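See below for the structure under consideration.
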Amino acid sequence: MKTTDACRRALCASLCIAAVAMSGCQKAPEAASIGDPTKVPPAAQKVLVVGTDAAYAPFESQNEKGEIVGFDIDLVRAVAQKAGLEVKFVNTPWEGIFNALAQGDRDLLVSSITITDERKQTLDFSDPYFDAHQLIAVKQNAKVTSFADLKSLKVGVQTGTTGDEVVSKLLGKNSTQVRRFESAPLAIKELESSGVDAVVIDNGVLVNYTANNPGSNLRVINDAAFQPERYGIAVRKGNAGLLAKINQGLADVRADGTYKRIYAGYFGKGPIDSTKK
Ligand code: ARG
């Protein structure tokens, strides 16, 4: 722990120790917004709890150390820094993620969440921060070439996602051909073990998975039937103050090149090539 000169010069060592303990002699934390007296130093403000279903690489996942990492994480960290907010990420299963927000257990959500009219009825979204769409993955040797080809097949999805929605529309909500899983990796695992014939999941996740697991012999298929989707950061309905800060932070990271840098780190230069075999 570093102490200031004033502290070192203190006559009584024990006094200094006591002062350090009270953090009186501690140097101000790096993150204190120097030069902007209107911003409350992070230590004095509430740490916002960010919920994320960290089983959705490359957007949010857990590394070997159990740390939550990914594009969404880096982005929200950067946005929070611009907005003078302090955040901490808490792994939150998708199944309960919207409830956790509504009940106040989480202050915001970043989890590759597609902005939909239905969700907008119960929470508020930031400006969109990422373009996405659904994608199909099948075994390399499968005969599937289009979404319509899934009509007679067993299709895995993550419960309650937009992938679940489109597949439910094609096969019928109560069809036993729709196989719902708690997480995207579980659905993909089931495809690898031939428990399902296909999965329908967000493009970024499937492209990332197939690229990193060539041995799994999966093939991705795009289809014009898949609507454009956009991810947003979610806050409790009516939390306009927080939303405004997030939107400003998003605009700032876009304006100063931070967004581009983070994006390039995960996806390279161009948009995700979702049809690449
Ligand atoms: N974009 C899709 C949706 O909003 C899937 C998101 C799933 N996210 C996750 N971290 N599991 O429904």
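Please treat every number below as a calculation from the coordinates, not as lab data. Quantities reported herein were computed from a predicted structural model and do not represent experimental measurements. Neighbour counts are summed over all protein chains in view; Cβ atoms, including those assigned to glycine, are modelled from backbone coordinates with ideal geometry.
Would you mind ranking Ser183, Ser175 by Cβ crowding within 10 Å, fewest neighbours first? Please report the intermediate quantities before stating the final value.
Working: Ser183 17, Ser175 14.
If I rank by nearby Cβ atoms, fewest first, I get Ser175, Ser183.
Set the Förster distance to 35 Å, then compute FRET efficiency between Ala251 and Lys173 from the Cβ-Cβ distance, nearest 0.05.
0.35
Using +1 at the C-beta of Lys and Arg and -1 at the C-beta of Asp and Glu, which of Leu242, Leu218, Phe130 has the Cα lying farthest in the positive direction of the dipole of region 124-277?
Leu218
Whole Å is fine, so just give me how far the alpha carbon centre of region 228-264 lies from that of region 127-158.
Using only Cα atoms, the two centres lie 28 Å from each other.
Using Cβ contacts closer than 10 Å as the measure, can you line up Glu118, Glu95 from fewest to most?
Glu118, Glu95
Fully extended, how many nm does the chain gain between Gln103 and Ala240 (0.36 nm per residue separation, minus their Cα-Cα distance)? It would help to have the intermediate numbers written out before the result.
Values: separation 137, 0.36 × 137 = 49.32 nm, distance 1.70 nm.
Answer, rounded to one decimal: 47.6 nm.
Can you work out the FRET efficiency for the pair Ser216 and Ala264, with r the C-beta to C-beta distance and R0 = 22 Å, to the nearest 0.05?
Numbers: r = 26 Å, r/R0 = 1.19.
For Ser216 and Ala264, the calculated efficiency is 0.25.
According to a simple spin-label model (label point 7 Å from Cα along Cα-to-Cβ), what is the distance in nm between Val90 and Thr145?
5.0 nm
Grab every C-alpha pair in region 134-221, bin the distances at 10 angstrom width from 0 up to the longest one, and report whole percents.
That works out to 19, 60, 20, 1, in percent per bin.
Would you order Ser61, Ser126 from fewest to most other beta-carbon atoms within 10 Å of each residue's own beta-carbon? Intermediate results must be reported in sequence, preceding the final value.
Working: Ser61 21, Ser126 24.
By the 10 Å Cβ count, ascending: Ser61, Ser126.
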